[in-house]
Each structure stands twice: as structure tokens, then as C-alpha cells.
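Q: This structure is in C-alpha cells; I'll ask about it shortly.
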Amino acid sequence: MSTAMNFGSKSFKPRPPDKGSFPLDHFGECKAFKEKYMKCLRENGSDNSLCRHESKEYLECRMDRQLMAREPLEKLGFKDLMEEKVESENQKV
């Protein structure tokens, strides 16, 4: 008697990621930002919540150089950092 089961009617169909693919940084255009972010992660025990400013700068670099699609930073989870920037600019006035 065979113990193998046949699930032949179902097949796996891969789907692309929600945001699509994006080019790698072959020329190192954002390498300094990436290194700053990675250093922050190492210094903070991989707690990315302490490195959000560095993460934001890295993503801005990638968007500025068309290495990823432009997205509002608020949509990428940086709304609170954008509000801090507006508040600090208002205090300067």
C-alpha cells in the first residue's frame, strides 16, 4: 500500500511582490546611506525602530535616483517623522 498522497489538482502559482521589482544599486549611488543605516542597526542590536531616520534617508536616496518607485514617505511608514520635520520648521519661523 502506498502512503504517498496525491494533491495533483492544486498547483502553486507564484505572484509578483505588491510593490514590484526594483533595480539593485549596481553603482553604489546610495551606498553611504545604506552603510549608515547598517551601522545604526549594529550599534542598536538590530532594533530598526531606533534607525528610522537612517532608513528614511536611504529610501529617499533610492527614490531620488530612480532605484525604486517614488512613494509618499507617509505611505512607507514615516508619517511621524514628516510631522516632526514640519514642527521643527515652524519653530524656526
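Q: Six or more apart or on different chains, Cβ under 6 Å: which pairs go from a residue in the stretch 59-73 that's open to solvent by less than 50 Å² (accessible area, probe 1.4 Å) to one that's part of a loop (DSSP other than H, G, I, E, B)? Could you list them?
A: What qualifies is 61/30; 62/30; 62/68; 63/70; 67/23; 67/25; 68/22.
Q: If you scan the stretch 39-51, which residues turn out to be of a type outside the set (Asp, Glu) and either touching a residue at least 60 places away in the same chain (Cβ under 8 Å) or open to solvent by less than 80 Å² (accessible area, probe 1.4 Å) (or both)?
A: We begin by selecting, within the stretch 39-51, every residue of a type outside the set (Asp, Glu); these are 39-42, 44-46, 48-51.
Hits for the stretch 39-51 are 40, 41, 44, 45, 49, 51.
Q: Return the residues of the stretch 54-70 that are assigned to a helix (DSSP H, G or I) and under 12 Å from the mean Cα position of the chain (by Cα); say none if nothing qualifies. Steps first, please.
A: Restricting attention to the stretch 54-70, the residues satisfying the condition of being assigned to a helix (DSSP H, G or I) are 54-64.
Within the stretch 54-70, 54, 55, 56, 57, 58, 59, 60, 61, 62, 63 meet the criteria.
The values are calculated or read from the model by the stated rules, or taken from the named source; none is laboratory data. For clarity, every value in this text was computed on a predicted model and none was experimentally measured. Quick reminder, even Gly has a Cβ in these numbers, built from the backbone with ideal geometry, and neighbours come from all protein chains shown. Remember, those area values only see protein heavy atoms, side chains included, never the ligands or the DNA or RNA. Shrake-Rupley method; radii C 1.70, N 1.55, O 1.52, S 1.80 Å.
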